[in-house]
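Okay, structure first, notes after.
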Amino acid sequence: MLIEKMSLPRRTFLRGVGAALALPLLDAMVPALTAVVKTAANPVRRLGVVYVPNGMAMESWTPATLGAGFEFTPILKSLEPFRDQLLVMSNLRGAPGGGSHAGAATRFLTGMVARQPRGTGVQASVSMDQLAAKQMAQETQLASLELGLDSRDFAGTCDAGYACAYSNTISWRGATTPLPMENDPRAVFERLFGDSSSTNPTVRLASIHRNRSILDSVTEKVSRLERDLGSQDRLKLNEYLEAVRDVERRIQKAEEQSTKELPVVDQPAGIPASFEDHAKLMFDLQLLAYQCDLTRVITFMIGRELSGRSYPQIGIPDAHHPLSHHEGDPVKIATMARLNAYHVSQFAYYVERLRSTPDGDGSLLDHSMILYGAGMSESNEHYPYNLPVLLLGGGSGMKGGRHIKFPDNSELASLHLTLLDRMGVPVDTLGNSDGKLEIEPA
């Protein structure tokens, strides 16, 4: 195999180059980063997706009235300070089928359900975040980040007949390529800043120069190999060199950004013991990735589908997934609503950080569109209809402060076409979409 002939294994090479993800902005840090300079007419726009599993207590999610001035429900109450930049959207549906939970996670960004291909493997469709990432990849070091709070060691707790990959991610690079969600802040740090172990500019620049030297050496070795290869190996080599060129681009971007003023932070030790500390740390990572313009596309799963996490810190010892099968029990439904509200409160922490962080002529929230929601609505029945979805931020250019209800049979994937269009990524179709949705501009 070609890689085995190299003195530097590809795995070591990629690690040395520091290929890819985000860094934590801890509470002790001072958020005084230099914002990305853009004109007021053309600010950097960012896309974020925050996903919650196992459906929703819809009675406590959906506002009673439409339009402006709606009253915030118990689940949404912590988002009331952001009313002016909030759109609550009702009557959106996802593609039905594909496994109760596997289908929920898969449909959320692809507009397709999980499929069971013959033999082994998985099959869905490219997700909207990856369509945006593909176009924006030339502008940042990282095309996208895929993050989560749950680990992936859940064998046996997945929909029967469906690979666990369907429940573990919402992001798909292609029909057969689900992207793993990273839950370790330490690994995220390395992906953002390589192996420097610190954001100190002197340390970072030394690491960048060292990585460039390694890359130059690898490129030279690969070029010498080409003369002695057959046609099939040359094809493999070309694919490898495409990856090398992408790494070169990212190193160039890193050099351009190495003079940015960053809080001096050491690499985090790992995953915090408490759920809330873990969630805040991962949200802070996303904030910093946007601040540094390391990426403009981030997906984040607060939990994987079928998550059995319990929340004793808020008085809920019950596991999430069994609780979601409430069978109409009003006590369990009320408990589910409290759990859903707790997730939203963690999200509100992130939204506040975005709003308080300057960016160009406004804030990060002003220039972002953050989609929050689930791939099923009523949790006991696993409904793919009237999905709980909201949009926050000024990046979409849509008029906020409203609860809007779309016509019957409106597809969530059609909303994604609209959002991609606002990001400057025109796409004609996505999954089961049937054209863009009309939403009043700001």
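The values are calculated or read from the model by the stated rules, or taken from the named source; none is laboratory data. Since the model is a prediction, treat every value here as computed from it, not as a measurement. Backbone-built Cβ (ideal geometry, glycine too); neighbour counts: all protein chains shown.
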task = Quickly run through the range 412-441 and pick out the residues that are closer than 23 Å to Pro43 by Cα, surrounded by 12 or more Cβ atoms within 10 Å (Cβ to Cβ) and of a type outside the set (D, E, K, R).
result = Leu415, His416, Leu417, Thr418, Leu419, Leu420, Met423, Val425, Val427, Ile439
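Give the residue, chosen from Ser410, Ser414, Ser433, that is of a type in the set (Gly, Ala, Ser) and part of a strand (DSSP E or B). Even if it seems obvious, please write down each step before you answer.
Details: Ser414 fails: part of a strand (DSSP E or B); Ser433 fails: part of a strand (DSSP E or B).
Of Ser410, Ser414, Ser433, the one residue that is of a type in the set (Gly, Ala, Ser) and part of a strand (DSSP E or B) is Ser410.
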ask   = What pairs come up if the first residue lies in the range 99-124 and is more than 12 Å from Thr176 (Cβ to Cβ) and surrounded by 24 or more Cβ atoms within 10 Å (Cβ to Cβ), the second is modelled with pLDDT of 90 or more and among the acidic types (Asp, Glu), and their beta carbons are under 6 Å apart, counting only those six or more places apart or on different chains?
value = His101/Glu305; Ala104/Glu305; Ala105/Glu305; Leu109/Asp129
query = Given the conditions (1) closer than 27 Å to Tyr166 by Cβ; (2) of a type in the set (A, V, I, L, M); (3) modelled with pLDDT of 90 or more, which single one is not true for Ala334?
reply = (1)
Residues being over 23 Å from Thr295 (Cβ atoms), among the polar types (S, T, N, Q) and touching a residue at least 60 places away in the same chain (Cβ under 8 Å) - total across the range 334-379 = 4
message = Between Gln135, Gln141, which is part of a helix (DSSP H, G or I), over 20 Å from Ile302 (Cα atoms) and modelled with pLDDT under 95?
response = Gln135
task = Go through (1) farther than 20 Å from Leu371 by Cβ; (2) more than 20 Å from the chain's Cα centre (by Cα); (3) buried (at least 20 other Cβ atoms within 10 Å of the Cβ); (4) among the hydrophobic types (A, V, I, L, M, F, W, C) one by one and return the number of the condition Trp61 breaks.
result = (1)
request  = Could you grab me the full set of residues in the range 346-385 that are farther than 20 Å from Leu306 by Cα, part of a loop (DSSP other than H, G, I, E, B) and over 19 Å from the mean Cα position of the chain (by Cα)?
outcome  = Ser356, Thr357, Gly360, Asp361
query = Hey, Asp318 hits all of (1) touching a residue at least 24 places away in the same chain (Cβ under 8 Å); (2) more than 30 Å from Arg422 (Cβ to Cβ); (3) not in a helix (DSSP H, G or I); (4) not small (Gly, Ala, Ser) but one; which does it fall short on?
reply = (1)
ask   = In this structure, is Ile314 surrounded by fewer than 19 Cβ atoms within 10 Å (Cβ to Cβ) and β-branched (Val, Ile, Thr)?
value = yes
